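Bear in mind these aren't lab numbers, they're just calculated from the coordinates by the rules spelled out. No experiment lies behind these values; they were computed from the predicted model shown. With ideal geometry, Cβ positions are generated from the backbone for all residues, glycine too; neighbour counts draw on all protein chains shown.
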Ligand SMILES: Nc1ncnc2c1ncn2[C@@H]1O[C@H](COP(=O)(O)OP(=O)(O)OP(=O)(O)O)[C@@H](O)[C@H]1O
Ligand SMILES: [Mg+2]
C-alpha cells in the first residue's frame, strides 16, 4: 500500500482570503477519506489545486509518485485521477447514456473519427454503470432533463467510467433525497471496493461520514484541523465546536 | 428507423432532382453546382456550430483553395482539373491547420471575430497585389481537362455537376459519421462543458482543432469546385459576406444532421433565384424574412424541425 497523493506546504490565497494554508496531506491506496468542514473552509479549493484546476501560490503536489504541481487537469486525469463536482459538470445536450459513452471512449485517449460512438465502447460496461447509479431507465433522456440529485449521480458515474486509481467526489450526496443517500453511498462504496478505487469525498452529513469513511479530515479556514479515524476526529474538541456545532 | 429512412429518401430525391433539372435545363447546371458547393462549405461551418462556435471568416478557405487552383492552372495549363481541385483542398487544409492552432484558443465572439479578422487580412492582401492576383477583378481560369478528357463547356458542366453531387453525398455521409463518432460527440461537448472534457483527460483545443481542420478542407473543396465552374476567382469568394452566408445557411438548415447543410443551401439558392426573377433587388429582404421565420419557428433549423416531426411520428407508432 503506497501513498497515492501527497501535498507539501500547499498554499493559495484569493486576494485576502487564505483558501489553502500550507497544507501537508497524504492519502494511501485503499483509504476512503471523508472531508468535512464549514462552507468556505477550502475543501473544494484543495481539490481544485490537487487536480490542476487552480495553480497553487506555494507548495507541491505528487500523484502516484509523480510531481503534478501546475500540470493541466487532463494530464493528471490521464495518470489515474477521476473527479466529480459539487456542481455537476455534464454534457447537457447529450443523453445520459452518451455522457457515459464519451467517458468510456475518452479513457483510451484516442477518439475515433468514423466509428459511431456507441460502437466504440463496451455497451455492457455502460449498462452496468447505469444500473449502479440507478439511471438505467433514464438512459435515453437528455442530461439536462435530470433533476439535481440524478445529475450528481451521472457526474460521479462519468468519473467512475474512467476506471481511476483515485476518485475524488465533491459532495456526491448533496441534492440527493435524504432517504436515498445511504443506498447511494452503499452502492458507490461497493463499486469502488470492487474496482479497488481509492476514494475521497466531501460530505456534510455526519451519519454518512461515520458510516462509510475509514478516515476523516476536518478543514477549518484553509487548514487540516484534525485528521484520523472517524470516531476520533468527530469527537475532537475543535471539530465539535467549529464544524458540528455540538460543543 | 423512420428518421434514417427519411434522410435516405431526401438524399435520393434531392440528387435525382439535381440531375434531372441540370440535364433538362442546361442553364440550371451552374446554380445547382453553386448550391451544392454552398452545401459542402456549410458542412464545415456546421461542424463549428455543433461546437457552439460561429466563424465569420470561413470563406477564406474557399478563397485560398480557389486561388491555388487559379495559380496552378495558369502556371501549368496542362494540369488536370482533378489535380487542381486536390491541390486547392490541400492548400486550405494546410492553412486551416496553421490558423486552427491560434483560433482554437478562443471561444464565442472572439473565435468568430478572430476568424473574420484573418479573412479580412487575406481579402485585402489579394486586393493589393494586383500583378499577381488581378486585384478585385480576379483571375480567369481556362477550362482544364478532367481525368484526361477535354470537354466542351456543356460537357464540362455536366461532369462537374455529377462530380460535385457525388462529392456532396459522400462528404455528407462522412461528416455525419464524424458527428456521431466519439470525436464528433466530444466536439459537441465543447458547446456544453469544456471542464468535463478536460476532466475526462481530453484537450478541448485538440478536439476543436480536429473539427476546424476538417471544416477548412470542406470549405476549401467548395471553393475549388466553385472556381472551376465559374472559370474565375475573385477576392469576393473570401469576403466576410460570403462567410456570413455560410453561417446563414448553417442556421437555416440546422446542424443536427449533415443533410441540414444541403437543405439550407437549397432553400438559400431557391430564394435567391426566385428573388432574382420576380423581385429584383429585394433578395436580402426575402432571405432576412426567411431567417427570422426559421429562428422563430425552428431554432434547430429545417433538419431540426424534420427530425422532431419524425421522432413524434415514431413515438405515435407512425
Ligand atoms: N475562484 C475564486 N476566487 C476567489 N475566491 C474564491 C474562489 N474560489 C473559492 N474562493 C474562496 O475561497 C474560500 C474557500 O472556498 P471553497 O469553495 O474551497 O470552500 P468549500 O470548503 O468547498 O465550501 P463549500 O462547503 O461551500 O463548498 C472561500 O472563502 C471562497 O469564497
Ligand atoms: Mg465546496
Virtual spin-label span in nm between residue B:279 and residue B:102, 7 Å along Cα→Cβ: 4.0
Along each principal axis, Cα extent of the range A:89-163, largest first, Å: 33, 22, 20
Counting each DSSP H run of 4 or more residues in the protein assembly as shown as -39500 (n - 2.57), what helix-only mean residue ellipticity at 222 nm follows after dividing by all residues, to the nearest 500 deg cm²/dmol? -18500 deg cm²/dmol
For chain A, the longest principal axis of the Cα atoms and the Cα long axis of helix A:123-132 enclose an angle in degrees, to the nearest 10, of 40
Overall dimensions of the range B:116-219 by Cα: Rg and Dmax, Å: 20.2, 58
Is the C-alpha gyration tensor of the range B:2-239 telling us rounded, prolate or oblate? Criteria: a/c under 1.5 is rounded; beyond that, a/b larger than b/c is prolate, otherwise oblate. oblate
Note on the range A:168-208: the mean projected area of its alpha-carbon convex hull, in nm², is 2.8
Cα long-axis angle, helix A:96-107 against chain A (0 to 90 degrees, to the nearest 10): 80
Taking R0 as 51 Å, what's the FRET efficiency between residue B:195 and residue B:149 from their Cβ-Cβ distance, rounded to 0.05? 0.40
Can you give the FRET efficiency for residue B:9 and residue A:114, using 1/(1 + (r/R0)^6), R0 = 22 Å, r = Cβ-Cβ distance, to the nearest 0.05? 0.40
Using alpha carbon centers only, the range A:171-228 is separated from the range B:145-173 by a whole-angstrom value of 65
Run through all the Cα pairs of the range B:50-121 and give the fraction in each 5 Å bin from 0, expressed as whole percent. 3, 17, 23, 20, 14, 10, 7, 4, 1
Within 10 Å of each Cβ of A:107-119, how many other protein chain Cβ atoms are there on average? 5
Just order B:117-124, B:201-208 by mean Cβ neighbour count inside 10 Å, highest at the front, would you? B:201-208, B:117-124
Order of B:252, A:188 from fewest to most other C-beta atoms within 10 Å? A:188, B:252
In Å, descending, principal axis extents of the Cα set of the range B:195-304: 56, 38, 22
Mean-square fluctuation maximum in Gaussian network of chain B, Cα pairs under 10 Å, restricted to B:293, B:25, B:173, hits B:25
Taking the alpha-carbon centroid of each part, what is the distance from the range A:68-139 to the range A:1-61 in angstrom? 25
Quick one: give the max-minus-min coordinate of the C-alpha atoms of the protein assembly as shown along each principal axis, largest first, in Å. 93, 58, 42
With equal scatterers on the alpha carbons only and no solvent term, can you work out the Debye log10 of I(q)/I(0) for chain A at 0.08, 0.15 1/Å? -0.31, -1.07
Do you know the relative contact order of chain B, to the nearest whole percent, from alpha carbon pairs under 8 angstrom that are 6+ apart? 33
Calculate the FRET efficiency for residue A:235 and residue A:131 from the Cβ-Cβ distance with a Förster distance of 45 Å, rounded to the nearest 0.05. 0.75
Mind checking the log10 I(q)/I(0) for the range A:149-232 at q = 0.13 Å⁻¹? Debye, one equal scatterer per Cα, no solvent, two decimals. -0.42
Kirkwood Rh over alpha-carbon pairs of the range B:1-126 plugged into Stokes-Einstein at 10 °C, 1.306 mPa s gives a D in µm²/s of 94
In what sequence, highest mean first, do A:55-66, B:87-98 appear when ranked by Cβ atoms within 10 angstrom? B:87-98, A:55-66
Please check: in the Gaussian network model of chain A (C-alpha springs, under 10 Å), which one of A:170, A:193, A:122 has the largest mean-square fluctuation. A:122
